[in-house]
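Would you mind keeping the following structure in view while I ask a few things?
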Protein chains: 2
Amino acid sequence: MFNGLSAFPLTPMHESGVDEQAFAHLVENLVAAGVSSIGALGSTGSYAYLSRTERQRVAQLAVEIAGDIPVMVSIGALRTRDVLLLAEDAQKSGVKALLLPPVSYQKLTDDDVYSLYETVSSNISVPLCVYDNPGTTHFEFNDELHGRIAHLPNVRSIKIPGVPHAPDEAKARVDRLRAVIPGHVTIGVSGDAFAATGLNAGCEVWYSVIAGLFPITAKAITDAALAGDAAEASRLSERLQPLWSLFREFGGSYRVIATAAELRQFTTMPSLPLPLRTISGEGRKKIAKVIDELGLT
Amino acid sequence: MFNGLSAFPLTPMHESGVDEQAFAHLVENLVAAGVSSIGALGSTGSYAYLSRTERQRVAQLAVEIAGDIPVMVSIGALRTRDVLLLAEDAQKSGVKALLLPPVSYQKLTDDDVYSLYETVSSNISVPLCVYDNPGTTHFEFNDELHGRIAHLPNVRSIKIPGVPHAPDEAKARVDRLRAVIPGHVTIGVSGDAFAATGLNAGCEVWYSVIAGLFPITAKAITDAALAGDAAEASRLSERLQPLWSLFREFGGSYRVIATAAELRQFTTMPSLPLPLRTISGEGRKKIAKVIDELGLT
């Protein structure tokens, strides 16, 4: 399941709970588009803001609606104790894989993080994907640590935060990581603006935020890259520059995609957990214009 | 209560819960030393790693043991929803003040943070201290925002992360903040190595990590500074350079102080929540040597 297009849907919510109907609608949209896997409760799915009960319910719903498409969920939490409980819940819900970010409040050392993955990987019965995203976890992996963790049992993929913009540098970056991890562990790119470059550089999977809302658009890029048509993948990604600009302008993809989901009526406002909010005013108008002009689906 | 020495004790814990006896022992030590207030469940008190039930229990214990010394607890959480519940719990426990850090996973905007403080400050009946510590919250305040928040009802103090090393620059920094906040809001310095400089520069309170374990040592610095003897405060702080060096070497005060608490048998190992651990090997020996040579109490 750690190949192709992995779509990360939002978890629409309001102050009193998760909007299950809206979430179900988003997952149905992914099933219809035929994505390779679904990454529910990723950072985009606001896992960090939900209670244990809410996370279990969302995982169950995703598995139920996804049918044959494998579902992965994040089991990230500050404490190893809580990660283990979340892993148990998720496995009971029937997910096919677990995504583990080294979430931090106090700064983590490499040894802390290795021991977290060591403990968790030996206590689960489904494959694990390592989540490397310093923007949210505030932990910086290095390749030596990636190599050690990738050799642990059950580890099957690494979600990297992006690749350099230049194709040759991107390939060098992926090759360096590939050299220290076993062959059965895939490398997945995230940071949607880097996806075509990353796939062209040898990443086997795109862990994609935009695919959670616009799976057809993301699938076209993935299919072209994985069929070896690097130029077409780059062209399709280049076309989305106005969207990548919005991500830069609004501090990442999270709020832009949630705003787009409201605009496309997949969700209603509020869809994010306070104090986070979607974008209003002029920014919202700009987002509406871009998603319409690009014809994202 | 937002003046003088505010001591932030550890919350000793293991994987199955809080070590209540060890926590009680730490608080008794603070009462005996006569600190001005107790900041239970601060970052040093690992609030972010505890469940709601555990946090309420620790707050109750602190209040019970502190007697006449006012207790403040952190109500930090990623969601406004959870912050409000924690505020309710803490007030029921009898705390005299609440400490609110703008904890983040997805990056917060100034507007998000203002709205968080606006909502919380209008829903509480005890004073609030604003917690500014980008090292753990990953949110950077600016003085304009501090000014707006300081004018909200119930806001009575701001815990700043430190001051510049040079006394005149430290004074300029405190003066700039003072100019935008009302007179009834005190400024408290944290980052223990900066405390003497901060108090000498006009901070009214030291929100102190070392005071949670070594209250007598911290009180001597505070008393000198607040009595106007800047030179003596600086001398006493300068004497602790080997301790400040350890904080720099081990990424902050948190692990060093927890290790010191184990060494002084206030707690037993493990005292931190996994994946966090205290310092072992050569580092531990170095810490033992420093706390003994400095005669910290």
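What follows is calculated from the coordinates using simple rules that are stated; it is not laboratory data. This structure is a prediction, so every number in the text was calculated from the model and none was measured. Positions of Cβ are backbone-derived with ideal geometry, glycine not excepted, and every protein chain shown enters the neighbour counts.
Of the conditions (1) touching a helix residue (DSSP H, G or I) at 6+ places or on another chain (Cβ under 6 Å); (2) touching a residue at least 40 places away in the same chain (Cβ under 8 Å), A:Leu116 satisfies every one except a single condition; which number is it?
Result: A:Leu116 fails condition (2) only.
Oh, and also: From the residues in region B:121-139 that are in contact (Cβ under 8 Å) with a residue 60 or more places away in the chain and part of a loop (DSSP other than H, G, I, E, B), which one is nearest to the other protein chains (Cβ to nearest Cβ)?
Among those residues, the one meeting the criterion is B:Asn133.
Would region B:173-196 turn up any residue that is part of a helix (DSSP H, G or I), under 27 Å from B:Phe266 (Cβ atoms) and either acidic (Asp, Glu) or without any contact (Cβ under 8 Å) to a residue 40 or more places away in the chain (or both)? Steps first, answer last, please.
Our first condition is that a residue be part of a helix (DSSP H, G or I); within region B:173-196, this holds for B:173-180, B:192-196.
Filter again for under 27 Å from B:Phe266 (Cβ atoms), leaving B:192-196.
From what's left, either acidic (Asp, Glu) or without any contact (Cβ under 8 Å) to a residue 40 or more places away in the chain (or both): B:192, B:194.
Within region B:173-196, one or more residues are part of a helix (DSSP H, G or I), under 27 Å from B:Phe266 (Cβ atoms) and either acidic (Asp, Glu) or without any contact (Cβ under 8 Å) to a residue 40 or more places away in the chain (or both).
Could you grab me the full set of residues in region B:211-222 that are in a helix (DSSP H, G or I) and touching a residue at least 40 places away in the same chain (Cβ under 8 Å)?
So the first thing to find is which residues in region B:211-222 are in a helix (DSSP H, G or I), and the list is B:211-212, B:215-222.
Those that are in a helix (DSSP H, G or I) and touching a residue at least 40 places away in the same chain (Cβ under 8 Å): B:Ala211, B:Gly212, B:Pro215, B:Ile216, B:Thr217, B:Ala218, B:Lys219, B:Thr222.
Run B:Thr267 past the list (1) in contact (Cβ under 8 Å) with a residue 60 or more places away in the chain; (2) within 14 Å of chain A (Cβ to nearest Cβ); (3) buried (at least 21 other Cβ atoms within 10 Å of the Cβ) and report the number of the one that doesn't hold.
(2)
Separate question: Inside region B:34-81, can you point out the residues that are within 13 Å of chain A (Cβ to nearest Cβ), crowded, with 21+ Cβ neighbours inside 10 Å and part of a loop (DSSP other than H, G, I, E, B)?
B:Leu41, B:Gly42, B:Ser43, B:Thr44, B:Gly45, B:Ser46, B:Leu50, B:Gly76, B:Ala77, B:Leu78, B:Arg79
Does B:Glu293 meet the test of being more than 20 Å from B:Gly39 (Cβ to Cβ), of a type in the set (Asp, Glu) and without any contact (Cβ under 8 Å) to a residue 40 or more places away in the chain? Let's see the steps before the verdict.
Working: more than 20 Å from B:Gly39 (Cβ to Cβ): yes; of a type in the set (Asp, Glu): yes; without any contact (Cβ under 8 Å) to a residue 40 or more places away in the chain: no.
Taking the combined requirement at face value, the residue does not satisfy it.
Could you list, in sequence order, all residues of region B:1-27 that are outside any helix (DSSP H, G or I), touching a residue at least 60 places away in the same chain (Cβ under 8 Å) and closer than 18 Å to B:Tyr207 by Cα?
Our first condition is that a residue be outside any helix (DSSP H, G or I); within region B:1-27, this holds for B:1-19.
With touching a residue at least 60 places away in the same chain (Cβ under 8 Å) added as a condition, the list becomes B:1-10, B:12-15, B:19.
B:Met1, B:Phe2, B:Asn3, B:Gly4, B:Leu5, B:Ser6, B:Ala7, B:Phe8, B:Pro9, B:Leu10, listed by residue number.
A quick yes/no check of all residues on (1) within 24 Å of B:Asp192 (Cα to Cα); (2) assigned to a helix (DSSP H, G or I); (3) within 11 Å of another protein chain (Cβ to nearest Cβ):
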site	(1), (2), (3)
B:Val83	no, yes, yes
B:Gln91	no, yes, no
B:Asp112	no, yes, yes
B:Glu118	no, yes, yes
B:Glu144	no, yes, no
B:Leu152	no, no, no
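Any residue at all in region B:223-235 that's farther than 20 Å from B:Gly45 by Cβ, within 14 Å of another protein chain (Cβ to nearest Cβ) and in contact (Cβ under 8 Å) with a residue 24 or more places away in the chain? Lay out the reasoning, then the answer.
The first filter runs over region B:223-235 and keeps only residues farther than 20 Å from B:Gly45 by Cβ, leaving B:223-235.
Narrowing further to those that are within 14 Å of another protein chain (Cβ to nearest Cβ): none.
No, region B:223-235 has no match at all.
Here is a further query. Please specify each residue of region A:93-110 satisfying the condition of being at the interface with chain B (Cβ under 8 Å from one of its Cβ atoms) and free of Cβ contacts under 8 Å to residues at least 40 places away in the same chain.
Taking region A:93-110 and keeping what is at the interface with chain B (Cβ under 8 Å from one of its Cβ atoms), we get A:102-103, A:105-109.
Passing the criteria: A:Pro102, A:Tyr105, A:Gln106, A:Lys107, A:Leu108, A:Thr109.
Got a number for residues in region B:236-264 being within 14 Å of chain A (Cβ to nearest Cβ), assigned to a helix (DSSP H, G or I) and surrounded by 18 or more Cβ atoms within 10 Å (Cβ to Cβ)?
Of all residues in region B:236-264, those within 14 Å of chain A (Cβ to nearest Cβ) come to B:247-259.
Within this subset, residues satisfying the condition of being assigned to a helix (DSSP H, G or I) are B:247-249, B:254-259.
Going one step further and asking which of them are surrounded by 18 or more Cβ atoms within 10 Å (Cβ to Cβ), we end up with B:247, B:254-259.
Here the count works out to 7.
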